[in-house]
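Below you'll find the structure, written out as structure tokens, and then a few comments.
The values are calculated or read from the model by the stated rules, or taken from the named source; none is laboratory data. Given the structure is predicted, the values throughout are model-derived calculations rather than measurements. Cβ: placed from backbone, ideal geometry, glycine included. Neighbour counts: every protein chain shown. Each accessible area value is taken on the protein alone, full model and side chains, heavy atoms only, with ligands, DNA and RNA left out. Shrake-Rupley method; radii C 1.70, N 1.55, O 1.52, S 1.80 Å.
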Amino acid sequence: MLNFEFKNPTKIIFGQGQMEKIATEIPSGSKVLMTYGGGSIKKNGIYDAVTAALKDFEVVEFGGIPANPEYHQLLDALKVIKEEQVTYMLAVGGGSVIDATKFLSSAALYDGEEPWDILANKIRTEEGLPFGTVLTIPATGSESNSGAVISNHKTGEKFSMGGPGLFPQFSLLDPTVIRSLPERQLANGVMDAFSHALEQYMTYPVKAGLQDRFAESIMQTLIEVGPQVMKDPTDYDAAGDFMWCCTMALNGLIQKGVPTDWAIHAMGHDLTALYGIDHARTLAIVAGSHYRYNLDRKKAKLAQYGERVWGIMDGTTEEKALAAIKKTEEFIQSLGIDTHLSAYTDKYENTATEIADRFTTRGWMGLGEHKDLSPADVAKIVEMAY
Ligand code: NZQ
Ligand code: ZN
């Protein structure tokens, strides 16, 4: 196991029927900015429950945050924070609303000219405006980590940011919120969390036995409960496991003491920036070709994953690794998610060179656990995913 430090300060309040607890988590006298998305919370009762819980606070709202939150829109919210002298934020939504709130948390205390620099120049946020979250869609783990991903339509970029100042102070995780999620979003959640476990696992062995088992158990649980929640989102036990898997897959725990990859996410974010494809689906597009392209260097872990997660016991290491990739793709497809770029856009022909050129311009010359996956390699992987 590699050396590590681990601190995750986010308090998790898990389970149904506890909305009123948010009032005791927010310091009394706070002026609260409640952030939310395109309106799902007004249809499923979450908005009413949250506003009832906040009855003793002065609350301003900023709704309409879209999937893949957009920098220029968030500048309007930043204005509200400053004009209204907001002291606390409550994000009510999924990864997009929570990430938007993290950006605002950082930007509210940033004294540079252009807050986009926080993303473009990878400025670490040591301190942010405090916030909590009410999660409405299990997927990203943003409710329990200190990262955020923000898009900029003018530059066509989708960049990440983070820092220890951006952990939510608390997150309310009520598994019943998934009842109103469309099938597409349920599938996205399973896919995103599965990919998070893979990105922090599918590298090379470092004898971190418990870390490997944590990641494998998250993947095994998702394989079990993913189809259950898609069939019946009112199944509370399955919903609870699903939600907790998503949080645990990206709250920092499983990445400790092991090398991590994240090349699939790097390529995926540009597929969203180029074509607006859902985040989780971009990962589904790239995963198979990434693992096939890097088979030689990842095959020990691929074979271990094949054995332990999929029960593939026959064959050589390479045969098990290849069978594991196939099983993974079949699982993704069983969720109703296409694994080829051409299923999402007709204009895919130049995507490989476009993404490779973007990475070169940004100086992203070596991705992956060995920091040596070049833009030329990226082009080949993306092309294999057509
Ligand atoms: O906007 P509304 O109307 O609320 O609808 C949303 C949205 O259309 C809907 N939804 C959410 N909860 C619902 C619901 N519909 C019915 N019932 C509910 N209970 O679902 C749609 C998708 O929401 P979104 O927040 O975009 O989904 P997700 O949680 O998958 O977040 C995706 C974003 O997170 C980023 C992605 O890149 C993307 O921008 N990520 C953030 C990460 C992080 N901070 O750690 C890591 C991830 O890898 C990812 O990059
Ligand atoms: Zn993700």
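Some observations on this one:
- Cα centroid separation, region 165-218 to region 5-34 (Å): 21 Å
- By the Cα gyration tensor, region 183-384 has an equivalent ellipsoid whose semi-axes, rounded to whole angstrom, run 25, 21, 16 from largest to smallest.
- Calculated FRET value between K371 and E25, using beta carbons and R₀ = 45 Å, to 0.05: 0.70
- Computed from Cα atoms, the angle from the helix 183-199 axis to the main principal axis of the chain rounds to 60 degrees.
- Once the C-beta distance of M384 and K79 is scaled by a Förster radius of 51 Å, the resulting FRET efficiency is 0.70 to the nearest 0.05.
- Those lysines that a straight Cα-Cα span of less than 26 Å connects to K21, excepting residues fewer than 8 apart in one chain: K7, K11, K31, K42, K43, K55, K102
- Share of alpha-carbon pairs per 10 Å distance bin for region 322-386, given as whole %: 20, 37, 36, 7
- The tail of the calculated P(r) for region 139-185 beyond 18 Å holds 51 percent of all Cα-Cα pairs.
- Around the amide H of E157, modelled in the peptide plane, lie the amide H atoms of N152, all under 5 Å away and 5 or more residues distant in sequence or on another chain.
- Top of A249, A215, A53 by mean-square fluctuation, Gaussian network on the chain, Cα under 10 Å: A53
- Helix 263-275 and the longest principal axis of the C-alpha atoms of the chain enclose an angle of approximately 60°.
- Lysine pair count for region 181-326 (Cα-Cα distance under 16 Å; residues 8 or more apart in sequence or on different chains): 10.
- Residues of type aspartates and glutamates that K380 reaches as a straight line, Cα spacing below 13 Å, ignoring anything fewer than 8 places off in the same chain: E349, E354, D357
- Environment charge at P168 (Cβ cut-off 9 Å; Lys +1, Arg +1, Asp -1, Glu -1): +1
- Fraction of beta bridges assigned by DSSP in the chain that are antiparallel (%, nearest 5): 25 percent
- Amide H contacts of V60 (H built 1.01 Å from N, in plane; Pro and chain starts excluded): V32, L33, M34 sit under 5 Å, all sequence-distant by 5 or more or on other chains.
- Based on the Kirkwood approach, the hydrodynamic radius assigned to the chain is 21.2 Å, with every pair of different Cα atoms included.
- Calculated [θ] (222 nm, deg cm²/dmol) that DSSP helices of n ≥ 4 give over the chain, each run adding -39,500 (n - 2.57): -15000 deg cm²/dmol
- Between 0 and 90°, nearest 10: helix 209-231 axis offset from the chain longest Cα axis: 70 degrees
- q = 0.11 Å⁻¹: log10 I(q)/I(0) that the Debye formula gives for region 253-360, counting C-alpha atoms only: -0.40
- With all protein chains modelled, accessible area of K21 [1.4 Å, Å²]: 90 Å²
- For region 312-326, 3J(HN,Hα) computed residue by residue from phi via the Karplus equation (6.51, -1.76, 1.60; θ = phi - 60°) reads 8, 10, 9, x, 6, 4, 5, 5, 5, 4, 5, 5, 5, 5, 4 Hz, glycine and proline entered as x.
- A quarter of the convex hull surface defined by the alpha-carbon atoms of region 27-92 gives 4.4 nm² as the mean projection.
- Taking the inverse of the mean 1/r over every pair of distinct Cα atoms in region 76-208 gives a Kirkwood hydrodynamic radius of 16.0 Å.
- For region 132-278, the fraction of C-alpha pairs farther apart than 24 angstrom is 35 percent.
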